[in-house]
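S.K.: Quick one: the structure is below, and I'll ask about it shortly.
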Amino acid sequence: MLGKELRVLRELKRKQAAAAADPGEEPGSYTAESVSAKLGFSRAKLSRVEAGEIPLPKLADLEALMDEYGVIEPSDRDVLLQMQRDSLKSEPLTTYRNVLPSGMPRYLGLERESVRIRGFENNVVHGLLQDEQYAKALMGSAKIVEERTTDAVAGSVQARMERKTLLDDGREVHIILTENTLRTLIGSPEVMRAQYAEIMRLCGQDNVEVQIIPEDLLTYRAAFNFTMLDFDDLDAVVQSDAYGSTTMWSKPSDVGQYQRQFDAMVKAAPGPDQTPSFLKELEKKLWK
């Protein structure tokens, strides 16, 4: 996570430098090579740090990179410093400041890098499956309680819809929902019908699978929502949300526990090919 954030910060500075350069000037500012040479790093070291292959144990190295990338706000520097400390530990990471110095939400940065996403939701429809009207109603219902402005809600909805572009690039996505998530009225019956239609549409994509655990099926259900992210060049991570915080696990023993939970629910739930018919029947019962 730290390496990927440092890469995003470097790329932002590179783009800013390129935009400000004279038309005839040779590009090259803020490449991995130029930053490595300026700070006395080996090219391989910075590349491996950015890829998440090795940690950055020296505080002075991180301070130098933050100075080079213009990270001057104390709160932003604190986030990176905490990430550096957490990267040297093996315990789960809990963050109470979700936005990184680059402006990118921490979890979404990892999600974009993943090659496979598997998730379980037992309260609301998983964010990657949400219809726009469902997302608006869901976030709007919490607006007063969470003291959010109308603009903030609109921005969150837009970000959630943009996030769904991940489903169009072919990566494997497998989501398990409980029937309860689909019985809970969000917005209106019209909103729920649109949400059902959106799930059915996504089920038609070759890379997306959705399973639903029926309410009357006597089987195992995980106690909390979670999402597992798999990568080409990093170990898998598991993320779970609570109010005001996101917890992530990367230890193989922790990830393995969530993998077993997911596999058990996949085995017990009706197959993905049954999801459209299940939704049609549920719509007739609840929202006609």
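What follows draws every value from the coordinates through simple rules; no lab data is involved. Remember, predicted model here, so these are calculated numbers, not experimental data. Cβ sites come from the backbone with ideal geometry, for glycine too, and all protein chains shown count toward neighbours.
S.K.: Rounding to the nearest 20 debye, state how big the charge dipole of the chain is about its Cα centre with +1 on each Lys and Arg Cβ and -1 on each Asp and Glu Cβ.
M.R.: 420
S.K.: What whole-number distance in Å separates the alpha-carbon centres of region 162-224 and region 30-46?
M.R.: First find each Cα centre; the distance between them is then 44 Å.
S.K.: Can you say what percent of the DSSP beta bridges in the chain, counting only those with both residues inside, are antiparallel? Round to 5.
M.R.: Percentage antiparallel, nearest 5: 60.
S.K.: Given Gln205, Pro189, Met228, which one lies farthest toward the positive end of the charge dipole of region 180-237, if we put +1 on the Cβ of every Lys and Arg and -1 on the Cβ of every Asp and Glu?
M.R.: Result: Pro189.
S.K.: Loop by DSSP (not H, G, I, E, B), at most 15 other beta-carbon atoms within 10 Å: where is the longest site-free stretch of the chain for GluC sites (Glu not before Pro)?
M.R.: 54-145
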